[in-house]
Amino acid sequence: MLKSNKSANKKHAYLIIAHNNFYTLKKLIELLDDDRNDIYIHIDSKVKSYDFSLLKSVVKKSNIEIYSNIAVYWGDYSQVEVELFLLKKATLKSYCYYHLLSGVDLPLKSQTEIHNFFYKNRGKEFVHFTSSEISKDKINWISHYHFLQKFVRCSKFNAINKLFAIFEKILLTGQKILGIKRYDHTYQLQKGANWFSITDDFAKYVLSQEKWIEKHFKFSKSADEIFMQTILINSKFRSHLYLDSFNDDYHACMRYIDWNRGNPYTFHMKDFNELLCSDFLWARKFDENIDKKIIDEIYNTIKKENEK
């Protein structure tokens with residue numbers, strides 16, 4: 001068993017990225033509210049009409065900070081920027097673990113169970129890897145400049161999105177013709193889910209690589225699924241992985257995410273027993289507009305466990 005960083009306190013930091021589904025987010029925050037946790041939330045700066053004080057009002061035990069500094073776009077480098085932003089804010093207090101969640105996640109275990117699990121596995125890094133080698137098409141995500149990535153899904157009009165996608169394809173084709181490649185193969189690339197639970201030592205190491213991250217991943221596609229895995233696999237922290245299997249097993253980050261039934265699948269009430277009987281610590285995703293009952297049932301069940 002690895003020893004945890006002695007300078008890190010025993011508390012955990014939850015880093016949450018959200019942009020909608022505020023009913024689910026509120027339930028998530030309530031279930032994370034614990035003397036042993038602090039909560040750092042980033043709300044997409046494009047959200048203009050939500051009263052953030054409603055989120056703060058439900059927190060009684062944790063410290064909570066809510067930010068809205070960055071406009072976040074699907075597949076864009078802004079996803080990386082918001083992760084680094086939250087890590088910067090949280091690492092000022094040197095937590096034992098940093099858990100990155102989305103605003104549509106929910107815990108499947110009580111806070112005592114979660115803390116006991118990480119104490120038992122202290123020093124381990126919980127980062128997911130899709131496979132032992134990154135595929136060629138995913139290498140193309142970062143080997144060329146995707147200057148228009150943030151625009152390919154930003155409009156409510158599909159015609160505009162398709163137009164930007166066409167321009168993006170033209171720019172990529174031009175780079176291939178000119179032989180422009182930014183990935184030089186001097187480091188190993190890796191890919192996986194962007195949701196993680198990492199130690200204070202690794203969190204601060206990631207932040208120490210911020211200039212390198214920007215140089216190699218800015219204007220890339222879906223870098224949030226590559227940069228963390230790439231940094232870890234090329235560092236001493238590789239030997240600290242909880243699972244060193246590289247076979248798309250989400251136990252590597254202890255999150256229940258189902259890509260077989262959706263993109264990813266949104267859980268329904270019929271999945272309740274399957275979720276609560278699993279050994280995962282958290283699950284995503286949930287949507288009050290699709291099935292509010294499953295959110296309420298998990299909330300009520302875990303809340304009772306937290307109160308024991």
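The values are calculated or read from the model by the stated rules, or taken from the named source; none is laboratory data. Note that the structure is a prediction, hence the values are computed from the model and not measured. Every residue, glycine among them, receives a Cβ derived from its backbone with ideal geometry; neighbour counts consider all protein chains shown. The protein model used for the area step is the full one, side chains on, heavy atoms only, and it has no ligands, DNA or RNA in it. Shrake-Rupley method; radii C 1.70, N 1.55, O 1.52, S 1.80 Å.
Annotations
- For segment 92-129, filtered to residues that are over 19 Å from Glu297 (Cβ atoms) and charged (D, E, K, R), the residue that is most open to solvent (accessible area, probe 1.4 Å) is Lys120.
- Enumeration of residues in segment 199-221 that are open to solvent by 10 Å² or more (accessible area, probe 1.4 Å) and assigned to a loop (DSSP other than H, G, I, E, B): Gln209, Lys218, Phe219, Lys221
- Taken over segment 285-306, the criterion of being open to solvent by 70 Å² or more (accessible area, probe 1.4 Å), assigned to a helix (DSSP H, G or I) and either within 18 Å of Ala18 (Cα to Cα) or of a type in the set (A, V, I, L, M, F, W, C) (or both) is satisfied by Lys292 alone.
- Positions within segment 255-283 being in a helix (DSSP H, G or I) and either among the polar types (S, T, N, Q) or open to solvent by 30 Å² or more (accessible area, probe 1.4 Å) (or both), in sequence order: Met269, Lys270, Phe272, Asn273, Glu274, Leu276, Cys277
- Screening Phe196 against (1) in contact with a Cys (Cβ under 8 Å, 6 or more places away or on another chain); (2) open to solvent by 30 Å² or more (accessible area, probe 1.4 Å); (3) among the hydrophobic types (A, V, I, L, M, F, W, C) leaves a single unmet condition, (2).
- The condition of being over 18 Å from the mean Cα position of the chain (by Cα) and either touching a residue at least 60 places away in the same chain (Cβ under 8 Å) or open to solvent by 20 Å² or more (accessible area, probe 1.4 Å) (or both) holds for only one of His251, His185, that being His185.
- Taking every residue in segment 12-32 that is closer than 19 Å to Ile298 by Cβ and charged (D, E, K, R) and pairing it with any residue that is at pLDDT below 95 and open to solvent by less than 10 Å² (accessible area, probe 1.4 Å), at least 6 positions away or on another chain, the pairs with Cβ-Cβ distances below 9 Å are Lys26/Leu55.
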